[in-house]
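Written below as C-alpha cells is the structure these notes are about.
The values are calculated or read from the model by the stated rules, or taken from the named source; none is laboratory data. Quantities reported herein were computed from a predicted structural model and do not represent experimental measurements. In this analysis, Cβ positions are derived from the backbone assuming ideal geometry, glycine residues included, and neighbour counts consider all displayed protein chains. Heads up: the accessible areas ignore ligands, DNA and RNA and are worked out on the full protein's heavy atoms, side chains in. Shrake-Rupley method; radii C 1.70, N 1.55, O 1.52, S 1.80 Å.
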Amino acid sequence: MEAYFDNAATTRPLRGVREIMIKTLADDYGNPSSKHTKGMDAEQYISDARSVIAKTLKCEPKNIIFTSGGTEANNQALIGTAFAEKRKGKHIITTVFEHASVHNPLIFLEGMGYEVTYVPVDKGGNIDADKIISAIRPDTILISVMVVNNEIGSVIDIESIAEEVKKIRPDIIGG
C-alpha cells in the first residue's frame, strides 16, 4: 500500500483528467491556433476547459489564461499586476512563507522600486488577518497570500481575508 503525504505540493490528477490528457496527446494533438480539423478539435478542448474553470471560479471564460505551470502563472499575475497598477501605487503585501515562485517575482519588483510588506505567520503556518489589514496603505495595489502552504499544508482562509480587505479597499487586487 502506498502512502503519499505531499498533496499540498503535488497531487495525482483524477483518472478522467489523465484519460483526456492521453487522448489529446495521442489523437487530438493539433495546434489549437490552426484552422484545420485537428486544430479545431484541440481548440475545443481548451474552450471546454476554460468554461469549466470559469464556472468553478465564478468568472468569465475570457479571464482564464492558461500557462505552462505555477511559476509562469505567478510571474504573470504578480509582475503583470504590479506594472499595470503602478500609477495607483507601488506597495504589495504578502506573507513570509510564500512559495519561491511568488517570493522571487516580489524580489524582482523590489529591485524595480516596489515596496513589499511580508506579514509573519504563527508556528502552525496560520495568518492573522488583522496583520494583513493593518499593513494596507493608500499605495497598496496587490495582496498575495497562498491558499495552502506547499511545505506544511496549512490552509489559509483567504475568503475571510479578501472580504475584510474589500471592506476597506475594494480596489486592491488579491491573489
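Only one of Lys167, Lys131 is under 24 Å from Lys58 (Cα atoms) and open to solvent by 30 Å² or more (accessible area, probe 1.4 Å). Can you tell me which?
Only one candidate qualifies: Lys167.
Could you list all residues from region 8-36 that are touching a residue at least 12 places away in the same chain (Cβ under 8 Å), open to solvent by less than 90 Å² (accessible area, probe 1.4 Å) and outside any loop (DSSP other than H, G, I, E, B)?
Thr24
Just to be sure I understand the filter: pairs with C-beta atoms under 6 Å, separated by 6 or more residues or on different chains, first member in region 148-175 and within 22 Å of Ile136 (Cβ to Cβ), second member surrounded by 16 or more Cβ atoms within 10 Å (Cβ to Cβ) and hydroxyl-bearing (Ser, Thr, Tyr). Which pairs pass?
Pairs that qualify, where the first residue is within 22 Å of Ile136 (Cβ to Cβ) and the partner is surrounded by 16 or more Cβ atoms within 10 Å (Cβ to Cβ) and hydroxyl-bearing (Ser, Thr, Tyr), are Ile172/Thr140; Ile173/Thr81; Gly175/Ser144.
Does region 62-104 hold any residues that are touching a residue at least 60 places away in the same chain (Cβ under 8 Å) and part of a loop (DSSP other than H, G, I, E, B), and which are they?
The one that is touching a residue at least 60 places away in the same chain (Cβ under 8 Å) and part of a loop (DSSP other than H, G, I, E, B): Lys88.
When you go through (1) at pLDDT below 95; (2) open to solvent by 80 Å² or more (accessible area, probe 1.4 Å) one by one for Thr67, which number turns out not to apply?
(2)
Are any residues in region 123-175 farther than 25 Å from Arg87 by Cα and acidic (Asp, Glu), and if so, which ones?
Asp128, Asp130, Glu151, Asp157, Glu159
Being closer than 22 Å to Ile173 by Cα and either open to solvent by less than 50 Å² (accessible area, probe 1.4 Å) or among the acidic types (Asp, Glu) (or both) narrows it down to one of Glu43, Glu72, so name that one.
Every option except Glu72 fails the conditions.
Does region 48-59 include one or more residues that are over 26 Å from Glu164 (Cα atoms), hydroxyl-bearing (Ser, Thr, Tyr) and at pLDDT below 95?
Scanning region 48-59 turns up no residue that is over 26 Å from Glu164 (Cα atoms), hydroxyl-bearing (Ser, Thr, Tyr) and at pLDDT below 95.
Given the conditions (1) crowded, with 19+ Cβ neighbours inside 10 Å; (2) in contact with a Ser or Thr (Cβ under 9 Å, 6 or more places away or on another chain); (3) within 30 Å of Thr11 (Cα to Cα), which single one is not true for His91?
Of everything listed in (1) crowded, with 19+ Cβ neighbours inside 10 Å; (2) in contact with a Ser or Thr (Cβ under 9 Å, 6 or more places away or on another chain); (3) within 30 Å of Thr11 (Cα to Cα), His91 misses just condition (3).
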